[in-house]
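The structure under discussion appears below in the form of structure tokens.
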Amino acid sequence: MKVILIDDEGDARLMLRQYLEEFPGLTIVDECSNGLEAVTAIERHEPDLVFLDIQMPGMSGFQVLQNIVHIPQVIFSTAYDRYALKAFDHNAVDYLLKPYTRDRFAQAVNKLLLSSPSRNLHQIRALADNLQKEQTQYLDRLLVEQGNRMIALQAHEIIWIEANGDYANLHTGQKSFLSSLGLGELENRLNPAQFLRIHRSAIIGLAHILEVRKDPSGYYMDLTNGKRHKVSRSYQEALKKWMV
């Protein structure tokens with residue numbers, strides 16, 4: 001079986017390669033670090049199976065399935081259980097919730113190998129259609145508290161978002177607002193084509209980046225509000241997807 005690995009994290013693809021060594025009948029024909037590469041690779045190789053990350057910069061795993069003609073069998077992977085646990089309640093296909101063990105990986109692969117390919121393909125398409133509709137309902141406007149009233153804040157006005165315990169501070173050019181949602185929930189509900197997580201405690205509005213600097217200690221972003229933010233090492237791969 002021809003296999004493609006699709007994940008924006010290099011460490012995640014390395015782990016998949018290592019785990020796949022126990023399955024000599026599966027041959028890796030390509031690896032992709034973002035959705036655009038994935039669409040091209042799937043149409044070129046027509047793989048039998050792909051390991052597909054859900055949350056990727058620019059194009060999600062569900063959007064990949066919306067943009068291909070050849071539909072392979074799929075084992076999804078995600079760090080966000082809000083997608084995985086709800087999406088796969090019906091056992092249509094399997095998923096790997098990061099971080100997962102070698103045993104859990106083997107269980108997913110064996111389950112897929114023993115199931116009916118035609119049944120899986122039909123359910124993968126239906127699943128992707130349903131979840132794509134849900135996932136693309138990103139927030140364009142947010143209602144935030146200001147004193148004793150709620151005001152509408154346009155998503156594009158947000159320069160950066162800062163974790164604040166279980167909540168988050170939304171920073172615009174003039175003011176800051178407290179959101180009742182945490183950083184992880186906001187990351188899921190804001191358009192990944194407009195916002196980028198650069199740190200466990202910070203999300204940046206891509207339209208507000210003036211420049212990115214690199215020195216021996218890593219990457220730094222200068223924003224339109226005069227602030228500078230360091231990109232943590234674990235999020236540098238996501239930043240590089242935007243470099244051309």
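The values are calculated or read from the model by the stated rules, or taken from the named source; none is laboratory data. Quick caveat: nothing in here was measured; it's all calculated off a predicted structure. Cβ sites come from the backbone with ideal geometry, for glycine too, and all protein chains shown count toward neighbours.
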Review point. Taking Asn164 and the conditions (1) more than 30 Å from Ile71 (Cα to Cα); (2) at pLDDT 90 or above; (3) touching a helix residue (DSSP H, G or I) at 6+ places or on another chain (Cβ under 6 Å), which numbered condition does it fall short on, given that it satisfies the others?
Key: (3)
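Let me confirm something: among Ala238, Ala202, which residue is modelled with pLDDT under 90 and closer than 20 Å to Ala155 by Cβ? Walk me through how you get there before you give the answer.
Values: Ala202 fails: modelled with pLDDT under 90.
The match here is Ala238.
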Review point. Looking at the stretch 172-244, what strands (runs of 3 or more DSSP E) fall wholly within it and have at least 1 residues that are over 26 Å from Val144 (Cβ atoms) and either in contact (Cβ under 8 Å) with a residue 60 or more places away in the chain or out of contact with any Ser or Thr (no Cβ under 6 Å at 6 or more places or on another chain) (or both)?
Key: 209-215, 218-223, 228-231
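Would you check if Ile71 is hydrophobic (A, V, I, L, M, F, W, C) and within 14 Å of Met1 (Cβ to Cβ)?
Working: hydrophobic (A, V, I, L, M, F, W, C): yes; within 14 Å of Met1 (Cβ to Cβ): no.
So Ile71 fails the test.
Residues are listed down the side, and each one gets a yes or a no for (1) surrounded by fewer than 17 Cβ atoms within 10 Å (Cβ to Cβ); (2) more than 24 Å from Ile54 (Cβ to Cβ):
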| site | (1), (2) |
| --- | --- |
| Gln154 | yes, yes |
| Leu183 | no, no |
| Leu196 | no, no |
| Ile203 | no, no |
| Tyr220 | yes, yes |
| Asn225 | yes, yes |
| Arg228 | yes, yes |
| Ser234 | yes, no |
Point to revise | Residues of the stretch 16-35 satisfying the condition of being in contact with a Lys or Arg (Cβ under 9 Å, 6 or more places away or on another chain) and either assigned to a helix (DSSP H, G or I) or not assigned by TED's automatic domain parsing to the domain that holds Pro99 (or both) | key: Gln18, Tyr19
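Going through the stretch 36-49 one residue at a time, which ones are part of a helix (DSSP H, G or I) and within 30 Å of Gly184 (Cβ to Cβ)?
If the condition is that a residue be part of a helix (DSSP H, G or I) and within 30 Å of Gly184 (Cβ to Cβ), then Leu36, Glu37, Ala38, Val39, Ala41, Ile42 are the ones that fit.
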Review point. Which of the residues spanning the stretch 6-35 are surrounded by 15 or more Cβ atoms within 10 Å (Cβ to Cβ) and of a type in the set (D, E, K, R)?
Key: Asp7, Asp8, Glu9, Arg13, Asp30, Glu31
